[in-house]
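Below is one structure, written out as structure tokens; comments come after it.
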Amino acid sequence: MTTPSAQNNSTPAHALATALAEHAHKEGSLLPILHSIQDQLGYIPNEIILPLSQAIHRSRAEIHGVISFYAHFRTQPPAALHLALCRAEACQARGANALIAHAQERLGCDFHQRSQTHDVHLEPAYCLGLCAQGPAAMLNEQPVAHVTPHHIDEWLNQVGESA
Ligand code: FES
């Protein structure tokens, strides 16, 4: 199983310095800086907002607004397992709804939430380009076809999510 995102041992301060060095001098630098920080750390920690706002002369409210506008940005470290289940029409015709119900029951959470252990983050997906091989999922950013409840159980067991 792969990790949810490319992360290294960079600290928030180092990640911010790297992102600023790469992008601060450019027009429209905020988005590239945020992407760079998330690429380095796996998320955008709250502690970088103030120094970032000072460095690029933007308000903290504006930066928070951009982060919350784009679903791609995370403000918490990623879960050990990021599971996105396709709920678009072709996958629904191939049993996605039952699969989703199974995952939600096992995890005790809905879409856009984390499991009780916080080790699994469940998200919906809307077509992953595997329509003929559904139900489809993205497991830590890797597409998976023909997903069954057995697959879900195996993945959750690997991160210690008890049934
Ligand atoms: S509808 Fe699920 S992959 Fe296209």
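Considering His112, His121, the condition of being within 22 Å of Gln142 (Cβ to Cβ) and surrounded by 15 or more Cβ atoms within 10 Å (Cβ to Cβ) is satisfied by His121 alone. Taking the criterion of being within 14 Å of the ligand (Cβ to nearest atom) and of a type in the set (Val, Ile, Thr), the only residue of segment 82-123 that qualifies is Ile100.
Matching residues to (1) of a type in the set (S, T, N, Q); (2) surrounded by fewer than 16 Cβ atoms within 10 Å (Cβ to Cβ); (3) in contact (Cβ under 8 Å) with a residue 12 or more places away in the chain:
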residue	(1), (2), (3)
Asn9	yes, yes, no
Ala15	no, no, yes
Ala21	no, yes, no
Glu27	no, yes, no
Ile37	no, no, yes
Asn46	yes, yes, yes
Ala61	no, yes, no
Gly65	no, yes, no
Ala93	no, yes, yes
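In this structure, His150 does not satisfy being within 24 Å of Leu31 (Cβ to Cβ), free of Cβ contacts under 8 Å to residues at least 24 places away in the same chain and not assigned by TED's automatic domain parsing to the domain that holds Ser36. The residues of segment 129-142 that are surrounded by 16 or more Cβ atoms within 10 Å (Cβ to Cβ) and free of Cβ contacts under 8 Å to residues at least 60 places away in the same chain, listed by number, are Leu130, Cys131, Gln133, Gly134, Pro135, Ala136, Ala137, Met138.
The values are calculated or read from the model by the stated rules, or taken from the named source; none is laboratory data. All values reported here derive from a predicted model rather than from experimental measurement. Counting neighbours? That spans all protein chains shown, and the Cβs are built from the backbone with ideal geometry, glycine included.
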